[in-house]
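Everything on this sheet refers to the single structure shown next.
The values are calculated or read from the model by the stated rules, or taken from the named source; none is laboratory data. All figures in this text were calculated on a predicted structure; none of them were measured in a lab. Don't worry about glycine lacking a Cβ; one is built from the backbone with ideal geometry, like all the others, and counts go over all protein chains shown.
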Amino acid sequence: MAKVSALSHNPAPNAMLMKPEVKQRLCQELRVFFAQQMALGGDIKVKIVDDLILLRCKAALSPSEIEIGTMKSGRRLVQEVCEKTSRELQPALNRILNKVTRLDLLEVNVAIFWRRKEKVFLLTMSDSLGNVETQLGERV
């Protein structure tokens, strides 16, 4: 079945779908990494769109972050700390992603949704994750 563009409802050119076992392994590795390294447990959803990986971490704000977040300057501080932590952990995260996909992690962006108490991480990869099965061959 061809992948369909969301805007035009036409098949996307050269669209490939990631093998379910590769996607499952990638999602598991990401959940473990974020739970261990960023102390994010609970409900972590992983979505893959072309060369982007979106991690939605529900109930991800600690009670102290919520308390600090009641002030505008506190929200900025929590955002800065989260971004700094993400930058510092990017090499380790890149190693994990490269091991599974053989692609490089180019950038990590973080958004905090205060009302929902969620953190969303957007990981930008060096190529479409739909091309992973071609790169990995039978190795997976």
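Checked against the criterion of being part of a loop (DSSP other than H, G, I, E, B), modelled with pLDDT under 90 and closer than 20 Å to Phe113 by Cα, region 2-18 has no qualifying residue. Does region 48-55 contain at least one residue that is under 13 Å from the mean Cα position of the chain (by Cα), part of a strand (DSSP E or B) and either more than 28 Å from Pro20 (Cβ to Cβ) or at pLDDT 95 or above (or both)? No: zero hits. Checked across region 100-118, the condition of being closer than 17 Å to Glu29 by Cα and either surrounded by fewer than 14 Cβ atoms within 10 Å (Cβ to Cβ) or touching a Cys at 6+ places or on another chain (Cβ under 7 Å) (or both) holds for at least one residue. Can you say whether Leu55 is touching a residue at least 60 places away in the same chain (Cβ under 8 Å), within 14 Å of Leu122 (Cα to Cα) and buried (at least 18 other Cβ atoms within 10 Å of the Cβ), as far as the supplied structure shows? When the stated conditions are applied, Leu55 passes them.
When we screen Glu29, Glu83, Glu65 for residues that are over 19 Å from Leu123 (Cα atoms), of a type in the set (D, E, K, R) and either assigned to a loop (DSSP other than H, G, I, E, B) or touching a residue at least 12 places away in the same chain (Cβ under 8 Å) (or both), the only hit is Glu65.
Filtering region 87-124 to residues that are under 11 Å from the mean Cα position of the chain (by Cα) and of a type in the set (Ser, Thr, Tyr) leaves only Thr124.
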